[in-house]
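J.: Okay, here's the structure, questions in a sec.
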Amino acid sequence: MTVQAIKELLNARVLNGEDALQNEVFTACGSDMMSDVLAHVNDQTVLISGLCNPQVLRTAEMMDIVCVIMVRDKQPDPGMIQMAKDRNICLLATALPMFTSCGLLYKAGLRGGARIGE
Amino acid sequence: MSLKYHVTPTDFTRAGEASSDVKNKLKKLGVSPDIVRKVAIAMYEGEINMVIHANGGDINVDITPDAIVMQLKDVGPGIVDIDKAMQAGYSTAPDDVRSLGFGAGMGLPNMKKNSDTMDIKTVLGQGTTVTMTVNMPE
């Protein structure tokens, strides 16, 4: 699935990374706990989160996460958007809540990428 | 190559800057992506721990053709029970840290998982030194 397809499914705004919309995403992870993301997530993943602070982008940077989607209509401040620009991280925002966002993406064929218990 | 960083206490927004810098330097050196990722995750978890638990501290990173050695040294309160701290899900982080997305009790286990060796030296009331080594592929 492309980031563009995710954008359309979630009716999301692009806050950074218009040029990354054709990038391919293989798996998704929905979490507000960055500790869990750091412990379990795979490559080529999109991170869906309601947490809106710089550590979400820092986590994405460390994990080579392709795209971060802010749910529940969270509005990252200009500093965060700049941080996404500096690190070349695609940043989307949707008004949908976490459960609905994950459900829509799952229904469209995206699967979880967390490796629990390895 | 030897890199040195100071981790500022309680400045949560800047936590991870040192790890970010190391990650970029390793990428520029042409180190394989798997190794870069392991180092980045292990060091970032350690850096976050230093901010949450230990009033910051200092990090030394030595990069040689054989391995990347990260030494994270703080003068914080020390770890009361290392065995418990190594259990996935065990955390002594305060609630306000959890609201920032950390404190799930995955930090030390994840640091161990992403390094080839990890050594913890801790003295209550004096501080903790964590040394992690990630070996370069043969």
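J.: Could you state how much accessible area A:Tyr106 has, in square angstrom rounded to the nearest 10, with a 1.4 Å probe and all protein chains kept in place?
T.: The value for A:Tyr106 is about 130 Å².
J.: Measuring with a 1.4 Å probe in the full set of protein chains, what accessible area per residue, in whole Å², belongs to the range B:2-135?
T.: 47 Å²
J.: Moving to a separate point now. Can you give the helix-only mean residue ellipticity at 222 nm for the protein assembly as shown, where every DSSP H stretch with n ≥ 4 adds -39500 (n - 2.57) and the sum goes over all residues, rounded to the nearest 500 deg cm²/dmol?
T.: That comes out to -10000 deg cm²/dmol.
J.: Take chain A, drop everything but the C-alpha atoms, weight them equally and run the Debye formula without solvent; then report log10 I(q)/I(0) at 0.10, 0.14, 0.17, 0.18 Å⁻¹ to two decimals.
T.: Calculated log10 I(q)/I(0) at the listed q: -0.23, -0.47, -0.72, -0.82.
J.: Can you give me the accessible area per residue for the range A:3-110, using a 1.4 Å probe, in Å²?
T.: So the range A:3-110 comes to 40 Å² accessible per residue, rounded to a whole number.
J.: With label points built 7 Å along Cα→Cβ from the Cα atoms of A:Asp73 and A:Arg111, find their separation and express it in nm.
T.: For the pair A:Asp73/A:Arg111, the computed spacing is 3.5 nm.
J.: First select every other residue whose beta carbon is under 15 angstrom from the beta carbon of B:Glu138; then total the charges, Lys and Arg +1, Asp and Glu -1.
T.: Result for the local shell: -3.
J.: For the protein assembly as shown, just give the cysteines left without a disulfide-compatible partner, judged by no other Cys Cβ under 4.7 Å.
T.: Here A:Cys29, A:Cys52, A:Cys102 come out as lacking a disulfide-compatible partner, given the Cβ-Cβ threshold of under 4.7 Å.
J.: Determine the distance separating the Cα centre of the range B:2-71 from the Cα centre of the range A:25-91; give it in Å without decimals.
T.: 19 Å
J.: Based on the inverse mean of 1/r over its pairs of different Cα atoms, what is the Kirkwood hydrodynamic radius of the range B:56-108, in Å?
T.: Hydrodynamic radius (Kirkwood, Cα only) of the range B:56-108 equals 13.2 Å.
J.: Can you compute the radius of gyration and Dmax for the range B:69-138, using only the Cα atoms, both in Å?
T.: Computed over the Cα atoms of the range B:69-138, radius of gyration and Dmax are 13.0, 43 Å.
J.: In straight Cα distance, which lysines are under 28 Å from B:Lys38, not counting same-chain residues fewer than 8 positions off?
T.: By straight Cα distance, B:Lys38 reaches A:Lys85, B:Lys4, B:Lys23, B:Lys25, B:Lys27, B:Lys28, B:Lys73, B:Lys84, B:Lys112, B:Lys113, B:Lys121.
J.: Please give the net charge around A:Asp64, taking every other residue with its beta carbon less than 11 angstrom from that of A:Asp64, where Lys and Arg add +1 and Asp and Glu add -1.
T.: So the surrounding residues net to +1.
J.: Hey, could you get me the Stokes-Einstein D for the protein assembly as shown, Kirkwood radius over alpha-carbon pairs, 10 °C and 1.306 mPa s, rounded to whole µm² s⁻¹?
T.: The estimated diffusion coefficient comes to 85 µm²/s.
J.: I would also like to ask the following. Chains B and A: how much accessible area gets covered up at their contact, both sides added, probe 1.4 Å, in Å² to the nearest hundred?
T.: Approximately 1900 Å², summed over both chains.
J.: Sort all Cα-Cα distances of chain B into consecutive 5 angstrom bins from zero, then give the percent of pairs in each bin up to the one containing the longest distance.
T.: Spelled out per bin, shortest first, that is 2, 11, 21, 25, 21, 12, 6, 2, 0.
J.: For every other residue with a beta carbon closer than 15 angstrom to the beta carbon of B:Asp96, add +1 if it is Lys or Arg and -1 if Asp or Glu, then tell me the sum.
T.: Its environment carries a net charge of -2.
J.: Please calculate the 1.4 Å probe accessible area of B:Met136, with all protein chains present, and give it to the nearest 10 Å².
T.: Estimated to the nearest 10 Å², B:Met136 gives 40 Å².
The values are calculated or read from the model by the stated rules, or taken from the named source; none is laboratory data. Bear in mind the structure is a predicted one, so any value in this text is a computation, not a measurement. Because the Cβ atoms are built from the backbone with ideal geometry, glycine has one as well, and the counts that use them run over all protein chains shown. Side chains included, ligands, DNA and RNA excluded: accessible areas come from the protein's heavy atoms. Shrake-Rupley method; radii C 1.70, N 1.55, O 1.52, S 1.80 Å.
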